[in-house]
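Notes follow once the structure below has been shown.
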Amino acid sequence: MDSPFTVILGAGLSRRFGAPKLDAQCAGQAVGSWVLRAVSAAGLPPGAVVVGPEVPHFLNEWQSWLRLQNPEPEAGLSSSIAIAARAAAAQGSDAMLVLLGDMPLVEPDFLRGLLAAAAPAATIQDDGRPGVPALLSRAMYPALRNLEGDRGAGKLLAQQPGLTCLDAPSGMLMDIDRPQDLARAEMILSSRGTA
């Protein structure tokens, strides 16, 4: 299978964090850089980052990644997924790998395992539902373009026949919502020796 079109969702408003969180330093790297590094280490080519009206500064170091602007991030996560699905269709990609930009603990080995599964494939979340990182099939693009609200593609994923679900390594799905999350992620990354 050809590489999927990789999309990092990074247009969130960072309300709970109180500042642009993807640019926040975490164990020597911007939060957003950790996710792009994991994608690269998994052997995938650069893809796209969905950003809000203000492009995060960390992307200056990642010029090979496309920027897909979401002019209305307040419309919720679904608006970013719709933009991503349109871009994946325009690229002619048979599958789209979707990750969140504020999950610095994503592991390259896990992404390789996800890629080894046929799309659709998803990660089992803490509540037992399927979610990101997720490998979405081309057949899902039309429905993804019609999502609404601040929910992702989890409900749509759960309806897919033949969905492969993978268990994430412990702690990998932690996202950065508040400053205390940043401190915890930094401690974990430092203990891995990846800082």
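Computed quantities for the displayed model
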| quantity | calculated |
| --- | --- |
| Number of the exception - ALA38 against (1) loosely packed, with under 15 Cβ neighbours inside 10 Å; (2) under 26 Å from GLU186 (Cβ atoms) | (1) |
| First in region 141-160 and in contact (Cβ under 8 Å) with a residue 40 or more places away in the chain and surrounded by fewer than 19 Cβ atoms within 10 Å (Cβ to Cβ), second anywhere and assigned to a loop (DSSP other than H, G, I, E, B) and small (Gly, Ala, Ser), Cβ under 8 Å, 6 or more apart | GLU148/GLY76; GLY149/GLY76; ASP150/GLY76; ARG151/GLY76 |
| Single residue of region 72-108 satisfying the filter (of a type in the set (A, V, I, L, M, F, W, C), under 16 Å from the mean Cα position of the chain (by Cα) and part of a helix (DSSP H, G or I)) that is surrounded by the most Cβ atoms within 10 Å (Cβ to Cβ) | ALA84 |
| Answer from ASP127, ASP175 - the residue that is acidic (Asp, Glu) and farther than 22 Å from LYS21 by Cβ | ASP127 |
| Number of the exception - GLY171 against (1) within 17 Å of the chain's Cα centre (by Cα); (2) surrounded by 13 or more Cβ atoms within 10 Å (Cβ to Cβ); (3) over 15 Å from VAL39 (Cβ atoms) | (2) |
| Close pairs from region 173-193: first part of a helix (DSSP H, G or I), partner at pLDDT below 90 and not acidic (Asp, Glu), Cβ under 6 Å, at least 6 apart | LEU189/ALA195 |
| Enumeration of residues in region 98-118 that are out of contact with any Pro (no Cβ under 7 Å at 6 or more places or on another chain) and not aliphatic (A, V, I, L, M) | GLY101, ASP102, PRO104, PRO108, ASP109, ARG112, GLY113 |
| Any chance PRO45 is touching a helix residue (DSSP H, G or I) at 6+ places or on another chain (Cβ under 8 Å), more than 30 Å from MET187 (Cβ to Cβ) and surrounded by fewer than 19 Cβ atoms within 10 Å (Cβ to Cβ) | no |
| Close pairs (6 angstrom Cβ cut-off, 6 or more residues apart or separate chains): over 17 Å from ASN146 (Cβ atoms) and of a type in the set (D, E, K, R) in region 81-97, modelled with pLDDT of 95 or more and surrounded by fewer than 23 Cβ atoms within 10 Å (Cβ to Cβ) anywhere | ASP94/ARG138 |
| Among the residues listed as GLY52, GLY101, GLY113, GLY92, the single one being on the phi > 0 side of the Ramachandran plot and of a type in the set (Gly, Ala, Ser) | GLY92 |
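The values are calculated or read from the model by the stated rules, or taken from the named source; none is laboratory data. Just so it is clear, the structure is predicted and the values come from calculations on it, not from any experiment. Reconstructed Cβ throughout: ideal geometry from the backbone, glycine too, with neighbour counts over all protein chains shown.
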